[in-house]
Amino acid sequence: MQAAFYVKQGPAREVLQIGERPTPEPGPGEVRVRLKTSGANPSDWKSRGGRGAAMSAPLIIPHSDGAGDIDKVGAGVADRVGERVWIWNGQWRRPHGTAAEYIVLPSAQVAPLPAGIGYAEGACFGIPALTALQAVRLADLSPASTVMVVGGAGSVGHYAIQIAKMRGARVITTVSGPEKAAHAHKAGADEVINYRSENVGERVKVLTDGRGVDALIELDLTTNGKDYPNILRPHATVVVYGMSASEATLSTLWLMRNSITLRLFLVYDLTAADRDACLAELGVLLQSNQLMHTVGRRLPLRDIAVAHELSERGEVIGNIVLDIG
């Protein structure tokens, strides 16, 4: 099969290769997917670049998200051949991800893709949509809640706004420019703050009559944690799904005195109960076509280095998807 891979960490154009790899065969309990698309996420370029951990195998086929058709099943799996599917955790704790013509995974990691949803959109669910769902679930929103979604034009933030609005919450979000503001408004954000031209804390105080928000969905604890005293109300909940460095400075005494709850999670490592709940809810939302999906850029597999560079620079509004084959 054709695949993208790397054998050492480093800059995208220096280490990513395209070439032939053995076509995998499904074992007991597994299915093989003939991939149509592969989603590129920030965690992919961070791993390839060597941020955080060494390589887990001598050769890595990157990417955890993707969509395609099941073409073969292993022993003990009901006949799913021909089923349209999307994938989660494709390259989590295993060396071979979705940047290839085929992938083999446990049957449970391959979810049905409704007929009305394209393969490109199907490559957006494993990390962006599931992260947003879990974040909103942990924020425990209600129609009385005001939630701030940091980075509302990002892949996760765009879904989080939509799902928070489905819970009836009022949504405030932050963006870096007018085009991203329009994107966040389209998702349903009630108020949008341009963090480059406005003081976020001051705007939040104005928008909440001085009270602060009930919950905050955070993509970068490292950068933003210092501002929490200006944003949160007492007894607020902060749900963290990302950070830009291994440590953060927080106003811990203020957080304690105001009974703030910090909830951190990694979408790759959800409990079985949380994973099942997220997959069930997402399945209903997809089947009923209640979510907007944004594929910001599509590229052929051979341009995977460009995809990683675009993701790293944050230039694309929406998900970056590779077409395979």
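The values are calculated or read from the model by the stated rules, or taken from the named source; none is laboratory data. For clarity, every value in this text was computed on a predicted model and none was experimentally measured. Cβ: placed from backbone, ideal geometry, glycine included. Neighbour counts: every protein chain shown. Ligands, DNA and RNA are excluded from the accessible area calculation, which covers all protein heavy atoms including side chains. Shrake-Rupley method; radii C 1.70, N 1.55, O 1.52, S 1.80 Å.
Specify the residue that is surrounded by the most Cβ atoms within 10 Å (Cβ to Cβ); the eligible residues are those in the range 97-110 that are under 18 Å from Pro28 (Cα atoms) and touching a strand residue (DSSP E or B) at 6+ places or on another chain (Cβ under 8 Å).
Ile103
Which residue pairs have Cβ atoms under 6 Å apart, sit 6 or more places apart or on different chains, and have a first residue in the range 73-94 that is at positive phi and a second that is surrounded by 19 or more Cβ atoms within 10 Å (Cβ to Cβ) and part of a loop (DSSP other than H, G, I, E, B)?
If the second residue must be surrounded by 19 or more Cβ atoms within 10 Å (Cβ to Cβ) and part of a loop (DSSP other than H, G, I, E, B), the pairs left are Asn89/Ser64.
Go through (1) open to solvent by 60 Å² or more (accessible area, probe 1.4 Å); (2) at pLDDT 95 or above; (3) over 20 Å from Ile127 (Cβ atoms); (4) of a type outside the set (D, E, K, R) for Gln290 and report which single condition fails.
So the condition that Gln290 fails would be (3).
Just the residues that are over 18 Å from Ser56 (Cα atoms), touching a strand residue (DSSP E or B) at 6+ places or on another chain (Cβ under 8 Å) and not small (Gly, Ala, Ser), please, taken from the range 1-20.
Within the range 1-20, Met1, Gln2, Ile18, Glu20 meet the criteria.
A quick yes/no check of all residues on (1) among the polar types (S, T, N, Q); (2) within 20 Å of Arg263 (Cβ to Cβ); (3) outside any strand (DSSP E or B); (4) modelled with pLDDT of 95 or more:
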| position | (1), (2), (3), (4) |
| --- | --- |
| Gly90 | no, no, yes, yes |
| Ile103 | no, no, no, yes |
| Met148 | no, yes, no, yes |
| Ala182 | no, no, yes, yes |
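Would the range 157-180 turn up any residue that is among the polar types (S, T, N, Q) and buried (at least 24 other Cβ atoms within 10 Å of the Cβ)?
Taking every residue of the range 157-180 in turn, at least one turns out to be among the polar types (S, T, N, Q) and buried (at least 24 other Cβ atoms within 10 Å of the Cβ).
Let me spell it out: the conditions are (1) open to solvent by 30 Å² or more (accessible area, probe 1.4 Å); (2) in contact with a helix residue (DSSP H, G or I) (Cβ under 9 Å, 6 or more places away or on another chain); (3) not in a helix (DSSP H, G or I), and Pro28 meets all of them except one. Which number is the exception?
Failed condition: (2).
Which of the residues that make up the range 95-109 are without any contact (Cβ under 8 Å) to a residue 60 or more places away in the chain and hydrophobic (A, V, I, L, M, F, W, C)? Steps first, please.
At the first step, the residues of the range 95-109 found to be without any contact (Cβ under 8 Å) to a residue 60 or more places away in the chain are 95, 97, 108-109.
Selection gives Ala108 alone.
What residue, among those in the range 38-73 that are hydroxyl-bearing (Ser, Thr, Tyr) and closer than 20 Å to Pro106 by Cβ, is surrounded by the fewest Cβ atoms within 10 Å (Cβ to Cβ)?
Ser56
Quick one: Asn194 ticks every box in (1) open to solvent by 30 Å² or more (accessible area, probe 1.4 Å); (2) of a type outside the set (A, V, I, L, M, F, W, C); (3) more than 12 Å from the chain's Cα centre (by Cα); (4) within 25 Å of Asp274 (Cβ to Cβ) bar one, so which box is it?
Tallying (1) open to solvent by 30 Å² or more (accessible area, probe 1.4 Å); (2) of a type outside the set (A, V, I, L, M, F, W, C); (3) more than 12 Å from the chain's Cα centre (by Cα); (4) within 25 Å of Asp274 (Cβ to Cβ), Asn194 fails exactly one: (4).
For the range 184-220, which residues satisfy the criterion of being among the β-branched types (Val, Ile, Thr) and outside any loop (DSSP other than H, G, I, E, B)?
Hits for the range 184-220 are Val192, Ile193, Val200, Val204, Val206, Val213, Ile217.
Can you tell me which of Ala108, Ala120, Ala129, Ala67 is over 19 Å from Ser155 (Cα atoms), among the aliphatic types (A, V, I, L, M), at pLDDT 95 or above and not in a loop (DSSP other than H, G, I, E, B)?
Ala108
For the range 228-242, give me the residue count where each residue is open to solvent by 30 Å² or more (accessible area, probe 1.4 Å), without any contact (Cβ under 8 Å) to a residue 40 or more places away in the chain and either in a strand (DSSP E or B) or over 18 Å from Leu207 (Cα atoms) (or both).
3
Test Val15 against the stated conditions and say whether it is without any contact (Cβ under 8 Å) to a residue 24 or more places away in the chain, among the aliphatic types (A, V, I, L, M) and over 26 Å from Asp274 (Cβ atoms).
So Val15 does not fit the description; no.
Whether any residue in the range 101-115 is in contact with a Ser or Thr (Cβ under 8 Å, 6 or more places away or on another chain) and either closer than 30 Å to Ala169 by Cα or among the charged types (D, E, K, R) (or both) is what I want to check.
Yes, some residue in the range 101-115 is in contact with a Ser or Thr (Cβ under 8 Å, 6 or more places away or on another chain) and either closer than 30 Å to Ala169 by Cα or among the charged types (D, E, K, R) (or both).
Just to be sure, is Gly126 surrounded by 24 or more Cβ atoms within 10 Å (Cβ to Cβ), touching a residue at least 40 places away in the same chain (Cβ under 8 Å) and closer than 21 Å to Ala277 by Cβ? Give the steps one after another, and end with the answer.
Values: surrounded by 24 or more Cβ atoms within 10 Å (Cβ to Cβ): yes; touching a residue at least 40 places away in the same chain (Cβ under 8 Å): yes; closer than 21 Å to Ala277 by Cβ: yes.
Spelling it out, Gly126 is indeed surrounded by 24 or more Cβ atoms within 10 Å (Cβ to Cβ), touching a residue at least 40 places away in the same chain (Cβ under 8 Å) and closer than 21 Å to Ala277 by Cβ.
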